[in-house]
Structure formats: structure tokens, C-alpha cells
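Below you'll find the structure, written out as C-alpha cells, and then a few comments.
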2 protein chains.
Amino acid sequence: MKSTLVKQIYRETDKYLNQTVTISGWIRTIRDSKNFGFIELNDGSFFKNIQIVYDNTLDNFDEISKLPISTAIIVEGNLVETPGAKQPFEIKATKVEIEGLSTHDYPLQKKRHSLEYLRTIAHLRPRSNTFAAVFRVRSLAAYAIHKFFQDRGFLYVHTPIITGSDAEGAGDMFRVSTLDLSNVPKNKEGEVDFSKDFFGKETHLTVSGQLEGESYAQAFRNIYTFGPTFRSENSNTSRHAAEFWMIEPEIAFADLEDNMELAEDMLKYIISYVLENAPEEMEFFNSFIDKGLIERLTNIVNSDFERITYTKAVEILEKVKGKFEYDVEWGVDLQTEHERYLTEEVFKKPVFVTDYPKDIKAFYMKLNDDNKTVAAMDLLVPGIGEIIGGSQREESLEKLESKMKEQGMKTEEYWWYLDLRKFGTTRHSGFGLGFERAIMYMTGMTNIRDVIPFSRTVKSAEF
Amino acid sequence: MKSTLVKQIYRETDKYLNQTVTISGWIRTIRDSKNFGFIELNDGSFFKNIQIVYDNTLDNFDEISKLPISTAIIVEGNLVETPGAKQPFEIKATKVEIEGLSTHDYPLQKKRHSLEYLRTIAHLRPRSNTFAAVFRVRSLAAYAIHKFFQDRGFLYVHTPIITGSDAEGAGDMFRVSTLDLSNVPKNKEGEVDFSKDFFGKETHLTVSGQLEGESYAQAFRNIYTFGPTFRSENSNTSRHAAEFWMIEPEIAFADLEDNMELAEDMLKYIISYVLENAPEEMEFFNSFIDKGLIERLTNIVNSDFERITYTKAVEILEKVKGKFEYDVEWGVDLQTEHERYLTEEVFKKPVFVTDYPKDIKAFYMKLNDDNKTVAAMDLLVPGIGEIIGGSQREESLEKLESKMKEQGMKTEEYWWYLDLRKFGTTRHSGFGLGFERAIMYMTGMTNIRDVIPFSRTVKSAEF
């Protein structure tokens, strides 16, 4: 069926003013007087509602006045200006058809609900203002990421979700299997016989697409992944989900400096895109969720990110007395309190911290000439601390192999990853951005469960 | 490091001609004479190579001449026209630096390799012409899908990968678990105790995001999903993968006709986008993989898709004698041979077949007034048959519940899906496009393993 979208009416008002339009949507509020009434209708295309005026010249006036919230209706009427009123225009209805009735038991009544309660009705919560805004921003941010990379000629790679590799040290993994749990096949040694499993071997859900991404960067130069990743850590916090989406670009012929430039450009681009394409939603967050949000995000877009080494950062932090719960000294990882102090108090803008001690970073990071640090970078932003982590990758076969052995990894399982260093290796770099973390940052939402349509966390996989 | 990309040189030649440029990439071929030599360099940004001429005025002339294929180099030189030659221009090198050596054991030597062999080196195969083209097209097609929907205001939804719902009848599922397989916890009845599992219940990998997508369409009106889905069917064919990506749009206030319009527009858009943005790759497929490909795809873009009912299709097919392996009669599902006959022989263009018998279609499809058929649609295209399947969804709570019970489904597990019919239901529709199937169709590749970077199939989860 053909309807005019509410978004069109708001964005191109002149085109529709004093015209007959047909719109369809769901009743958000309804109030009636003796001879007329008002409906706030939302049609899903736009954050704002549109006001409908109906009166008793309509055959079904009485029926309309009794409609429960969330009923779906189709309205034909005239779009007129309403000078001096709260809303810029309204539709004077000439016809109101009922598409689908709701009931007075509808759980999302007008009173404010707690975010906790709304999680229990995750199938309905996108009909509320908060979640309509969150998931619109999520969709736009996802598209901004694709657009950023595609406009720059990057190749989008779907790295595998099911992996036959051992954990890469990034966290606990979920097993993927078709074995019958009530009758697990065993081999002669009494061990689980994974040769009977679907893939003929033990498999898990991926924790990162980086290694596969590297192999594509050595063919296509500039690539990115954007897909779901998984952790089975038993962490029941507001920042941990078992299933979340990650963006992992990987660039060849590129060092840590190139990597930081890319990360800075990307983050600024996503934020700008969302500010530009979701002004109503961002205004809502700024007013009701996180006052100061738009100013903070605008500052990020307009600032030149700072760059300091980990060693320098530790020097700064060591001079601060009595402020931190955890002491800082060279060799230990920075805590969120330290990260936030650097970006919020010292530099008052985003900061790349580079060249971390090799022992606190992953095996694939490039060893610096000092033999003590690796070419890693973390991007710290005001409000949360680390938002992006990346590094130049170790391109030397010899150093990579020796590091892997040092960490007790089975190098033969990584034969293909090591191959990349044998057949025309290049300096190359990459980073990871947790998509949900970015959405929390851009919306001011503080629980990861509230930026994922149907979140999966410890003991919770509803819907 | 700053290099000029080979793509820039091909696309904006005039800007670089007779200038000094620095490029970096991997040697595809090298041949030398006594005093000079030629290198075909690919830098990953572009399908085509660029020719480098080097001579013995370079200090490292001898070293260069011995470089193995796939060695990474950085070249500085002058871009000059080469009138009359096969290539339009070449770079006269003034400097050739070695970034990373390859070896003479490099597995991708110039001779043609079988696709089967190349699957065993999936980490290197994107360096070959065929796979460079396949995965460039895959990336562009993915972006085209996002662009198509976002330009139309559709919301991108990340539906969950791990699902706590029972199978939706779409196929066999993989279990996701952290239980210790060598010591599976049992309850008093001796059954597997899933309350001890990570999510406190039995969970699987999703087979479809449709149901969750529907809940978002009832809030945002027009949405789409684009994510990985899984089947653990024991099918070792060229068309089955255990892990593949699906696109599932869902539209509210929309019937089957709206659904077909959307599917037609989308398919034409994706194909046009790829033809326009990957001309070199598509020319390659047309010449070496599937002669006639470009003509077939262009025909699809330019044709108005046909629409016939299943009943009419069966009438047509019943009249054809002795052509089919399987007989057709009203009530049975169409085989690929029937589908291809309709689209290739009868209509010579894409065909939507609609209104299938209710017994051969899924529970969520809208029952037609005849009580015998459902408002389903399959899109058949020349060359393969069905490429898209969709339907109008049953919006009546009563009919949906009774259908589910008829099929032995536990309606209480779908409480939230049924809720959508209680609280302002609307006519709504949607469809699914298997992404890999679309890529195979657009490239002419005939094995699904060859359009997935690292494919997962029965007994195979390498890399």
C-alpha cells in the first residue's frame, strides 16, 4: 500500500502542505473531547510523531476515541500549518481506518518504564522514544562505517564465525557442535571424539576476525571486517555481552602512524555522520539521557587527537598523587581511571597512547627496536577511556614464531598465518572497534544490553 | 607510508602521467633481459596490474631480476604512456625497494591451478585473478545492499546469532555451549542439565533473523537484516555451506505486491551497482568463467519481472510432456528444473511465482481467502531458478496460533512473536536473499566454497 512517510512530511513539508495525504502508523497517544480528538501517530520512519485531529464528522468517531495505544491505523487527511502551536503542522483527518487493534494491556503505556523492565520486552521496546533513538543511531552508525571504508576503496571481508583454530588468547570461547550431549562419542583413550562432530574437529565461535583479515590485507591492501564476535567470559557487568559486533580494518604497507590516522578519521566520520543524519535522536539523548553529549562529540570531531607513548603517559601518571585506586608504574596496564585522567584532565581531548610494554600485549604486535615495547596503540576518549585498540603487526617470520613459542602457542596450527610472512610480507597494521562500545559512546546509554536489539549475556538468551 | 594507488592511476591517468609516482605492491610476474626487465605489479587496490620497467642503471638491478613472484616491493618512477603496447602506460623505475621477500616455493605460481587446490590455500587465493574478482564483487554487492536499503530509510537490525528459541523449522541447528563435553552435567532425570550452561538454557546458532526482524518492522516500519546464518544439514554439495550470510528485509503496512516490488528493485540495484563499480572484474568473469554473464545480468536489470500464481505455473508445466525428471501436479513443490523452465523457456526473464499451497510453506505465511494457498512468493531467475523467497506474514493472531499448533510448535516459546499480533498488528511482508547465492549468480562461480573467504562445510573448518 502507498503511504506518505512522516519523515517525508517533516523533511519536505512544503511539498505536502495543504494537500491530502495518506499516512499509516501506530498510535502513541490519544486524547478526546466531546466533539473532537488528537492522536500522536508514529509511523516508524521518523523519530517524531505527527499530530492527527479528528472530529465527530467521521462516521467512526466514537470507535476512534476508544482506541488503545499502539493500535495501527491508516489516516487520510489534509496537512495544515498550526501557527503558534507546539507542533509545526497537523493532519485534519477525513478518514481513519483501523489496521490492527491493540489492547489496553499493552505493556508500553505512557508512564516511564525502567530500562530493566524494558529489557524484558525487547520485542516492544523499539516503540519507545529511547530505543527508537538508540536503534536508529545503531543503524546509521553501521552504515557510516561501511560508507567510510568503501569510499576509500577498502574491501569488506566476511571472516568466519565458526573457527577451527584454538583460542587466540583474546578470551573464552563458545563451542559449536552437533554432538549428542546425552551420548558424547569417546575415542579409545576416553577423550571426546571430535572426529565425529560436524566439522570433524573441535570448533568454536570466533573472538576476532583479525588473523583472517590480515591474509586479505596481503592481497587487497586495505580491508575491513564488520561482523559478530563472541566471548564466553562469566562477566555479568554493564559492559560485557557474550555476542557483540566488531569492526577490524587491516592495512598493508602501513605503519602505526598510518593506523592512528585511519582510526582518527574513521571515528570522526562516524560521529559526524550520526550527528548529521539523526539530529532529532541526538537532541533527545542530549536532553534526556546524557546532558553535554553533543558538545562532547562535537569536540571530538573538531580536535586533533593527541599522541603520546605509554612511557610518557606513565611519567605523567606517576606524578599524580593520591588520586587513583591503582598505582601506576612502567610495565603494568593502564586502568580506566588512568585512561580517563589522561584524556579528560591532562589533554582534554582524545589521546593515542602508543608503544606499550611487550609483555602486556598480544603476540602479533610488532616488537620495537628497544626490544621492550611493541608498536601498539590504544585510543582513549573522554567519558569512557579506551575505545579502540590496535597495533602494527609483527611482519618478521622469525620474531613472530619465537614470540608464539614463548607464549606456548602451537605454531603448526597457525601455518597459514605464518605463511603470510613467507610470501611477500609487508609492514601492516590494524585495529579493532567494538561496535556496541561506540554506540554507547554516541548515545550516552550506559548498559550494553540497551544498545543491542536482543542481547546475550550470562544466563540470558531470551527472544 | 604514502603510495599512489594503482586504481588512482587507472581511473585518473592524466593526473599522474609524466609525473614521478611511488607505488607499492606485490610482484605478479617478472621477466628480465640482459639490461632491463618488466614487472607486473598488483597493489591490491585494483584488479589490473601495472607494468614496471627497470634497467641496469639501478644499483640493485641483479637483485631485482632474481626476485620471486609475490615479493612485496616499493617502486619510485615516472609514469609514461606506451602507445601501441598492450598496456596503456608503464612506470619507468628510478628506484625499487624490497619490502618483503617471497620464496620460489610460493604456491601460486603462474600456471593455472584447480579451484579445488586453491581452496586448500584460502589464505593466498585472493592473490589470484579469479578470487581477487570474486571477493571484490562480494564486497561491492554487500555495500550495494546496505546502500539500497539505507537510501530508502530502512533500519539495519542486528538480529541475534545465538538463539534460545527452538528451531523454526528452517533446518538443522548447531548447538552453542560451554558445557564440558567430557563431563556433561545431568539432572535427576538423567537428562542434560542445560541450566548449568552459559545461558542457563539450550542455545543454538540462528537459522534466520526473520522473527526478530518482524518485531522491529512493527516499530520502524521498514527494516532489513544482513548477517550470518547457519545450517547443520549433512549436505556435501556445491550449493550448501554450514555458514552463510542472509539479507532479510521486513516491511510493515505492506502486502505481497509491495514485497515483490521491493525484491525486484533490490535485485536490479545490486546487479547495476556491481556492473558499474567492478567493470574489470565483470569483464573477467564474462571472458573466463561464464560467457554470456554480462548479457544475462543486463537483461535482468532491463526487464519487468513477470508475476504468475503457482496454480497458473502448474497448469503451464503440466502441459509439457517428457521434459522433466519429476512430474508436476498441484500441491507439490516445484523443482529447479521446473523453475528454470518457467524463467528460461516460457518467460525468458525473471518470474515471481505466488500463492503456493499452504502445506508446502512455512507457518508464518499469510493464509489466502481460498483457505488453500498462502501469500508466498518465490523469485525465479534464468540460470539458477529460485533466488529469493518471501511472503506476506500472517497478521491474524488466531490463524497464526492455530497454524502453529497444527504443526506441533510450542506457542508459549513464541509468546513475544505472538505479541506482535496483539498490540497493533499490521499487514506486513518480507523475504530472504541468500547472499552467497546472489554472488554465485553475479560471478558465474558454481561452488559456494569459492564465494566465501573461508568456507565452513561438512567436515571442513580450516583456517
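The values are calculated or read from the model by the stated rules, or taken from the named source; none is laboratory data. Owing to the predicted nature of the structure, the values given are computational and were not obtained by experimental measurement. Cβ sites come from the backbone with ideal geometry, for glycine too, and all protein chains shown count toward neighbours. Keep in mind that these areas ignore ligands, DNA and RNA; they rest on the heavy atoms of the full protein, side chains included. Shrake-Rupley method; radii C 1.70, N 1.55, O 1.52, S 1.80 Å.
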**Asked** Do any of A:7/B:147; A:34/A:95; A:147/B:15; A:86/A:110; B:48/B:268 go past 21 Å between their Cα atoms, and which?
**Response** A:147/B:15; B:48/B:268
**Message:** Residues of the stretch B:202-243 with backbone nitrogen within less than 11 Å of a virtual label 7 Å along the Cα-to-Cβ line of residue A:103, please, listed as ranges.
**Reply:** none
**Radius 14 Å from Cβ of residue A:227, net charge of other residues (Lys, Arg +1; Asp, Glu -1)** = -4
**Message:** As an exercise, use a Förster radius of 25 Å and the Cβ-Cβ distance of residue B:66 and residue A:396 to find the FRET efficiency, rounded to the nearest 0.05.
**Reply:** 0.70
**Complete:** The Cα radius of gyration of chain B, divided by 2.2 N^0.38 Å with N its residue count, comes to 1.19
**Request:** Percent of Cα-Cα pairs per 20 Å bin, from 0 to the last occupied bin, for the protein assembly as shown, please list those.
**Result:** 13, 42, 35, 9, 0, 0
**Euclidean distance between Cα centres, the stretch B:236-310 to the stretch A:262-309, Å** = 37
**Prompt:** Hey, which lysines would be in cross-link range of residue A:372, C-alpha to C-alpha under 23 Å, not counting anything within fewer than 8 residues on its own chain?
**Reply:** A:312, A:319, A:358, A:361, A:399, A:403, A:405
**Request:** When a/c is below 1.5 the answer is rounded, else prolate if a/b is larger than b/c, else oblate, so apply that to the stretch B:233-300 with a ≥ b ≥ c taken from the square roots of the Cα gyration tensor eigenvalues.
**Result:** oblate
**Prompt:** What 222 nm value per residue comes from the helices of chain B, counting each DSSP H run with n ≥ 4 as -39,500 (n - 2.57) and dividing by all residues, nearest 500 deg cm²/dmol?
**Reply:** -8000 deg cm²/dmol
**Prompt:** For residue A:186, which lysines qualify as cross-link partners when the Cα separation must be under 17 Å and same-chain residues fewer than eight apart are set aside?
**Reply:** A:196, A:201
**Prompt:** What FRET efficiency do you get for residue B:234 and residue A:237 if R0 is 41 Å and r is their Cβ-Cβ distance, rounded to the nearest 0.05?
**Reply:** 0.55
**Item:** In Hz, Karplus ³J(HN,Hα) per residue of the stretch B:50-56 (6.51, -1.76, 1.60; θ = phi - 60°; x = Gly, Pro)
**Value:** 10, 8, 10, 10, 10, 9, 7
**Fill in**
Expected unfolding gain across residue B:345-residue B:2 under the 0.36 nm per residue rule, minus the alpha-carbon gap, is 118.0 nm
**Fill in**
Label points for residue B:56 built 7 Å along Cα→Cβ; distances to same position in the other copies, nm, shortest first, come to 10.7
**Fill in**
If the chain between residue B:321 and residue B:56 were fully extended at 0.36 nm per residue, the gain over the current Cα-Cα distance would be 88.1 nm
**Fill in**
Using alpha carbon centers only, the stretch A:81-146 is separated from the stretch A:183-225 by a whole-angstrom value of 42
**Asked** Can you give the accessible area of residue B:66 in Å² (nearest 10), computed on protein heavy atoms with a 1.4 Å probe?
**Response** 140
**Asked** residue B:34 versus residue A:36, label points 7 Å from Cα toward the beta carbon: distance in nm?
**Response** 10.0
**Request:** For the stretch B:344-463, state the average projected area of the convex hull of the C-alpha atoms over all orientations, rounded to one decimal in nm².
**Result:** 10.8
**Request:** Tell me the label-point distance for the pair residue B:152, residue B:189, using the 7 Å Cα-to-Cβ offset, in nm and rounded to one decimal.
**Result:** 4.7
**Message:** Label position 7 Å from Cα toward Cβ: report the copy-to-copy distances for residue A:68 in nm, one decimal, ordered from shortest.
**Reply:** 7.2
**Other copies of residue B:301: label-to-label distances in nm, shortest first, labels 7 Å along the beta-carbon direction** = 3.4
**Fill in**
Farthest towards the positive end of the dipole of the protein assembly as shown, among B:24, A:379, B:10 and with Cβ unit charges of +1 on Lys and Arg and -1 on Asp and Glu, lies the Cα of B:10
**Request:** Could you calculate the FRET efficiency of residue B:447 with residue B:311 from 1/(1 + (r/R0)^6), where r is the beta carbon distance between them and R0 is 30 Å, rounded to 0.05?
**Result:** 0.30
**Request:** Determine the sum of side-chain charges near residue B:389: Lys and Arg each +1, Asp and Glu each -1, restricted to other residues whose C-beta is under 12 angstrom from that of residue B:389.
**Result:** -3
**Complete:** Taking every residue of A:217-227, the Cβ atoms of other protein chains inside 10 Å of its Cβ average out to 6
